[in-house]
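Input: a single structure, listed below in structure tokens.
The values are calculated or read from the model by the stated rules, or taken from the named source; none is laboratory data. Note that this is a predicted model, so its numbers are computed, not measured. Cβ sites come from the backbone with ideal geometry, for glycine too, and all protein chains shown count toward neighbours. With ligands, DNA and RNA removed, areas are computed over all heavy atoms of the protein, side chains included. Shrake-Rupley method; radii C 1.70, N 1.55, O 1.52, S 1.80 Å.
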Amino acid sequence: MNNQLNRVGNIEKLGASSEPINLNPLTSTNVERLKVKFIPENESFSDFLIKNLISELRLNLKESGDILVSWVNAYYKWKFQNNETDSIHPDESGMHMTGNVRSLLNLAFDVYCLILEGAFPNDLRKRLRLNKEFQGVLYEIQVASIVVRANFSISYTDPQLYNDMGKKCEFIAIHKVTKEKIGFETKSKHFRGILHFNEGNTPDNIKPSFLGRLMNEAKEQRPKELPFIIFIDENIPPNKDVINEGIPYLDEHINFFESDYRRYIVDKERCPYNYLIITNYSDYYFSDELVPDKGYVKMISSEYPMNMMQNDALMFQDLLSSIARYSNAINKITEEINKCY
């Protein structure tokens, strides 16, 4: 496969090659894994997702200074003020949702997906409650949810997580059709003052060199004998007018990642990763402001990775289809529920 860089907008028409997992709370056979029950006559699917998150994390909604509590309170305030339904995109403009509300709904949906698939260990629960760990684990959960919806199961304990240097990737994913194992690593750039993180640089002057350490660390965590996929989130402030203007700094950063890939071609070396997927999931920058309905994802596909995939085309199709469906997944399940109920 040739080196590719894709926007989500270019892959939305892709259909998954594998049978997608059942996420409908009325018909899924895995709902017994949930601590709460969906009551369609009394609540929307979105309300149920928030209820489930509160139960799983044992949130105290009177606790001050907690990111998740502030997001939950913002959600209920938003519902009351706007009389919204459970549509994550209430109209075609997609401009009715605030940054905090969308961030919460995405997290609640991701956690729900992982629980149904038996892939939400206690370590993730605990780290979500720690301000210093919050941003990193938020992205880990986001990526893991994308992967399980791409028809993979996930293992956090597989011995192949560790390489010969004693370093480990985030998780091993096993494709349910091909049974092939793939290592995944996630990295998210932290900035002081964002999501209660109190160290490092501020996002005022963002340079590509800030990402070099993340990239090098990720490559060092490659499993020895498995294909390897890296997700890196830029955590850049989104542009409010992304329809007419690009996200600040992003093209410069993409050039940085492309340059890193090209040097393997120039030096005629095998690339340590099969795919490098670059995202900017940072709606929380908008806080209580309305957030535009635009995500940003680009992908670099290595032509000569260290470990080839058995069925590269299927992995490519399933992963990118899962990413493309991410923005309207709650709506799709709501439509299914309405047909059942």
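Please indicate, with yes or no, whether at least one residue in the range 269-290 is part of a strand (DSSP E or B), farther than 30 Å from GLY99 by Cβ and not hydrophobic (A, V, I, L, M, F, W, C). Before you say what the answer is, go through the steps one by one.
Of all residues in the range 269-290, those part of a strand (DSSP E or B) come to 271, 275-279, 290.
Now drop any that are not farther than 30 Å from GLY99 by Cβ, which leaves 271.
From what's left, not hydrophobic (A, V, I, L, M, F, W, C): none.
Within the range 269-290, not a single residue is part of a strand (DSSP E or B), farther than 30 Å from GLY99 by Cβ and not hydrophobic (A, V, I, L, M, F, W, C).
If you go through the range 124-153 and keep only what is out of contact with any helix residue (DSSP H, G or I) (no Cβ under 8 Å at 6 or more places or on another chain) and under 12 Å from GLU170 (Cα atoms), you end up with TYR139, VAL143. For the range 306-331, a tally of residues being of a type in the set (D, E, K, R) and under 18 Å from the mean Cα position of the chain (by Cα) returns 2. Screening PRO305 against (1) more than 18 Å from ILE230 (Cα to Cα); (2) open to solvent by less than 10 Å² (accessible area, probe 1.4 Å) leaves a single unmet condition, (1). Condition (residue is outside any loop (DSSP other than H, G, I, E, B) and in contact (Cβ under 8 Å) with a residue 24 or more places away in the chain) applied to the range 187-197: is it met by at least one residue? Within the range 187-197, one or more residues are outside any loop (DSSP other than H, G, I, E, B) and in contact (Cβ under 8 Å) with a residue 24 or more places away in the chain. Within the set GLU185, GLU140, GLU170, the sole residue that is modelled with pLDDT of 95 or more, open to solvent by less than 20 Å² (accessible area, probe 1.4 Å), charged (D, E, K, R) and touching an Asp or Glu at 6+ places or on another chain (Cβ under 7 Å) turns out to be GLU185.
Which residues, counting only those in the range 261-296, are hydroxyl-bearing (Ser, Thr, Tyr) and closer than 30 Å to TRP78 by Cβ? Working first, answer last.
From the range 261-296, those hydroxyl-bearing (Ser, Thr, Tyr) are 261, 264, 273, 275, 279, 281-282, 284-285, 287, 296; that's our starting set.
Result: THR279, TYR281, SER282, TYR284, TYR285, SER287, TYR296.
Just a yes or no: is a residue in the range 33-51 out of contact with any helix residue (DSSP H, G or I) (no Cβ under 7 Å at 6 or more places or on another chain), at pLDDT 75 or above and under 30 Å from SER301 (Cα atoms)? No, there is no match, as no residue in the range 33-51 is out of contact with any helix residue (DSSP H, G or I) (no Cβ under 7 Å at 6 or more places or on another chain), at pLDDT 75 or above and under 30 Å from SER301 (Cα atoms).
Kindly establish whether GLY9 is under 27 Å from ASN122 (Cβ atoms), at pLDDT below 75 and not hydrophobic (A, V, I, L, M, F, W, C). Judged against the criteria, GLY9 is not a match.
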